[in-house]
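Below: one structure, written as structure tokens.
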Amino acid sequence: MQKITGKTRTCGLIGNPVEHTLSPAIQNALAEDLQQPLAYVPLLVEKGRLQQAVEGAYALNLLGTNVTVPYKSEVIPYLKEIDSLAEKIGAVNTLVRCEGGYKGYNTDMTGLKRAMETDGIELAKEKVIILGAGGAARAVGFLCGDCGVETVYILNRSIEKAEAIATEVNRAFGRECLIPMQLADYKKLPKENYLVMQCTSVGLAPDTESVVISDDAFYEMVHTGYDLIYKPYETKFMKLVKAHGGKAFNGLKMLTFQAIDAFELWTGAKIDEAESQKILKTIKEEIGINE
Ligand code: ATR
């Protein structure tokens, strides 16, 4: 950890709980490596205290914060400005100090896009399948709309949730880019080569043998799969994608790049590939992955 001086700027994570976060380890490692005078701390905010917390952070000259569960949407009314993608999604995970308050961003999604770019994926050119229709799937739907993806099939066990997201995203971007489907109807998908975003909670440890679709016929259409889960490091979904010749990635890079995007917004620094790899390694060490 860097030496803290009178010139150190403070950042932190607003949430509840915040005890298990990896963000202080990531952000303080970035600050040290890039020689930026920044210290990052957990900021536990009790229910009903969010407005005070944001105003207090500003009054205390905090450079910025991350925001996590349960405040990613609740924080929006207390912002001075909001980035247009974050506004569409209706969720913010990064606050950046601006004149008179904070500007909100969603680096979960810009980070996911950047993670995919480092894996050679140009989202705009892909035919996409989203599995799930929870908060993460919804944000990925907006990211696809924002990037100009032509066709996105969103499949969920409860079709109504997939329909609600499709309606919202299609309205936001003024085109019918999201097509909702019931999960079991995956056999009706046109035979194409898909990028699949696994956004359900199925397969998360300790339930590591579970997968939302297990049919070989589905995986034969998948050229690349992203699982937003990173515990286990290789999910059953990823194993199935790889077994059928596809590439598969877990959620750790997304986690890495949401942090990197936030750090760049706060400091103006530019983080290169070598530093990104170093941070990914730090994260793996923090969560006990040795490979
Ligand atoms: P998050 O905010 O992380 O996206 P969430 O909102 O709880 O999490 O969403 C979980 C997703 O996993 C949902 O799409 C959920 O499907 P339903 O909307 O039908 O509940 C999906 N999911 C969870 N358990 C599942 C299961 N056993 N089979 C299929 N889908 C499942």
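No lab work stands behind these numbers, since they all come straight from the coordinates. A quick note: this is a predicted structure, and the numbers were derived from the prediction, not measured. Positions of Cβ are backbone-derived with ideal geometry, glycine not excepted, and every protein chain shown enters the neighbour counts.
Throw me the Rg/Rh for region 65-112, computed over C-alpha atoms with Kirkwood Rh, two decimals. Looking at region 65-112, the ratio lands at 0.92. Cα centroids of region 1-76 and region 217-291: 23 Å apart. Bridgeable aspartates and glutamates around K191 (alpha carbons under 12 Å apart, same-chain partners fewer than 8 residues away excluded): E220. Rounded to the nearest angstrom and listed largest first, the equivalent-ellipsoid semi-axes of region 1-100 from its Cα gyration tensor are 23, 15, 14. Across all Cα atoms of region 61-153, the radius of gyration (one decimal) and Dmax (whole number) stand at 14.2, 44 Å. Candidate cross-link partners of K3 among the aspartates and glutamates, defined by an alpha-carbon separation under 12 Å and a same-chain spacing of 8 or more, comprise E32. Considering only M181, S214, F249, and ranking their Cα positions along the charge dipole of region 157-253 that arises from unit charges at the beta-carbon of Lys, Arg, Asp and Glu, the one farthest toward the positive end is F249. Within straight-line reach of K103, meaning a Cα separation under 17 Å, sit the following lysines at least 8 residues removed in sequence or on another chain: K72, K80, K88. Dividing the convex hull volume of the alpha carbon atoms of region 121-232 by its residue count gives 95 Å³ per residue.
Each residue of the chain gets 135 Å³ once the volume of the Cα convex hull is shared out per residue. Take each peptide in 61-68, 181-188, count the other Cβ atoms within 10 Å of every residue, and average; sorted highest first, the result is 61-68, 181-188.
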